[in-house]
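Q: This is the structure, below, for whatever I ask next.
The values are calculated or read from the model by the stated rules, or taken from the named source; none is laboratory data. Treat the numbers as computed from the prediction; the structure is a model and nothing was measured. Neighbour counts are summed over all protein chains in view; Cβ atoms, including those assigned to glycine, are modelled from backbone coordinates with ideal geometry.
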Amino acid sequence: MEYSLDKKIISEIVGTFLLVFFGTGSAVGAALMVDKFIPNGGIGALGGFPEWLAVSWGFGITAIAVIYVFGKISGGHINPAVTIGLLITKNISLKDCIGYIIAQFIGAIIASIAVFAIFGDPGVTIGALGANSPAAGISYLQAFVAELIGTFFLVLVVMGVAVDKKADPGVGGLSIGLTIGIVLTFLGPITGGCINPARGFAPILIDFLAGGKDLFGYYSIFFFAPIIGAIIAALLYNFIASPNKEDGFNRQ
C-alpha cells in the first residue's frame, strides 16, 4: 500500500520528534543526575559507561519503536543522512527526499523545544539540551571520522535489513535500533553521539536561543560526516548486493 506524501511527512515529523525528544532528553537527564553528585562533572563523571549506556539506548530503543510504528508508512527514516543515502541509490524520489528532510528538521526542533520546556534553564546550563560537540582532547578530524564511520555502519544496516527486498521485514526495526544503540555507546564519549544531522542541529539551535553556548562551529561535523558516511554505505551496499550481469563468464 502506498501512502500520500502528506502522511509520510507527518510520520517523519512525529518519528523524528520522538527520537530526538527521548534521546536528547535522556542525555539532559543524565547530565542533571551527574551534576547532583559532581557539579559541572558532565556525563561520564560517575564512571562513564553507565551514563553513556543510558543515553545511547534512549536513542536506540526509541528508534526500534518508531521504525516499527512508522516504517510501513514512510520507511521510518527519521534521519536526513539515511534519506540522502536512499536518494543516491534511487530508493526515494527527490520530491519525497526534500519533504522528508524538512520534516525531520521540524520534528527535531520541536523536540528540542519540548526538552527545554520540561527541563528549563538547568537543561541548558548543565545539559546543553543534549547538543553534540567533541569531547575534551578530541580533535575536529577525530570527531569527523568517528561520526562518518558510525553513520556508515547505521546506513549499511538500513540498506541490508530494510531497503533490500530480500531482507526479512520483521527484523528491520530491531536491527537498526540495536545498531544505533551500539554506535552511540561508542561515540558518546567522543562526540556525544549524533549520526543524524537533524538531531545534531536542533539542540544546538534551541540551546543557543535559550542562552546557552554557541556550538554552531561544530555543526559542520554533525552535518557533513553523517551524510558522507551514509552515501558511502548506500553506494557500497548497492554495489555488493547487485546481481552480477551476464558477461560470458560463469560466476558463482
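Q: Of F201, F186, F208, which residue is assigned to a helix (DSSP H, G or I) and modelled with pLDDT under 95?
A: The match here is F186.
Q: When you look at F116, is it among the aromatic types (F, W, Y) and either modelled with pLDDT under 95 or under 17 Å from I195 (Cα atoms) (or both), yes or no?
A: The answer is no for F116.
Q: Right, here's the next one. Assess whether G25 counts as being crowded, with 24+ Cβ neighbours inside 10 Å, more than 15 Å from F105 (Cβ to Cβ) and either basic (K, R) or modelled with pLDDT of 90 or more (or both).
A: no
Q: When you go through (1) polar (S, T, N, Q); (2) out of contact with any Pro (no Cβ under 9 Å at 6 or more places or on another chain); (3) over 21 Å from V82 (Cα atoms) one by one for Q142, which number turns out not to apply?
A: (2)
Q: Being without any contact (Cβ under 8 Å) to a residue 60 or more places away in the chain and not polar (S, T, N, Q) is the filter here, so list the residues in the range 188-208 that pass it.
A: Pass one, the range 188-208, residues without any contact (Cβ under 8 Å) to a residue 60 or more places away in the chain: 190-191, 208.
Result: I190, F208.
Q: Does any residue in the range 1-13 that is assigned to a loop (DSSP other than H, G, I, E, B) come within less than 9 Å, Cβ to Cβ, of a residue that is not aliphatic (A, V, I, L, M) six or more places away or on a different chain, and which pairs are these?
A: Partner pairs satisfying both residue conditions: M1/K72; Y3/S11; Y3/K72; Y3/S74.
Q: So if I check each of Y219, Y237, which one is under 18 Å from V145 (Cα atoms) and either charged (D, E, K, R) or buried (at least 18 other Cβ atoms within 10 Å of the Cβ) (or both)?
A: Result of the check over Y219, Y237: Y219.
Q: Looking only at the range 125-151, which residues are in a loop (DSSP other than H, G, I, E, B), over 13 Å from L184 (Cα atoms) and polar (S, T, N, Q)?
A: Keep residues of the range 125-151 that are in a loop (DSSP other than H, G, I, E, B), which gives 126-127, 131-139.
In the following step, the residues that additionally are over 13 Å from L184 (Cα atoms) were identified as 126-127, 131, 133-139.
Of everything in the range 125-151, those that are in a loop (DSSP other than H, G, I, E, B), over 13 Å from L184 (Cα atoms) and polar (S, T, N, Q) turn out to be S133, S139.
Q: Out of the residues in the range 76-100 meeting the condition of being assigned to a helix (DSSP H, G or I), of a type in the set (V, I, T) and in contact (Cβ under 8 Å) with a residue 60 or more places away in the chain, tell me which one is farthest from G23 (Cα to Cα).
A: So, considering only residues that are assigned to a helix (DSSP H, G or I), of a type in the set (V, I, T) and in contact (Cβ under 8 Å) with a residue 60 or more places away in the chain, the one farthest from G23 (Cα to Cα) is I88.
So that you can scan it fast, the table gives a plain yes or no per residue for (1) on the phi > 0 side of the Ramachandran plot; (2) touching a Cys at 6+ places or on another chain (Cβ under 9 Å):
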position: I126; (1), (2): no, no
position: P134; (1), (2): no, no
position: G137; (1), (2): yes, no
position: L141; (1), (2): no, no
position: F144; (1), (2): no, no
position: I149; (1), (2): no, no
position: L156; (1), (2): no, no
position: C194; (1), (2): no, no
position: G200; (1), (2): no, yes
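Q: Do we have any residue at all in the range 42-51 that's under 16 Å from the mean Cα position of the chain (by Cα) and either hydrophobic (A, V, I, L, M, F, W, C) or at pLDDT 95 or above (or both)?
A: no
Q: What is the one condition in (1) crowded, with 22+ Cβ neighbours inside 10 Å; (2) over 19 Å from F59 (Cα atoms) that Q142 does not satisfy?
A: In the conditions (1) crowded, with 22+ Cβ neighbours inside 10 Å; (2) over 19 Å from F59 (Cα atoms), Q142 misses (1) alone.
Q: Taking the range 116-131 as the search range and keeping residues that are farther than 13 Å from A31 by Cα and hydrophobic (A, V, I, L, M, F, W, C), which one is surrounded by the most Cβ atoms within 10 Å (Cβ to Cβ)?
A: This residue is F116.
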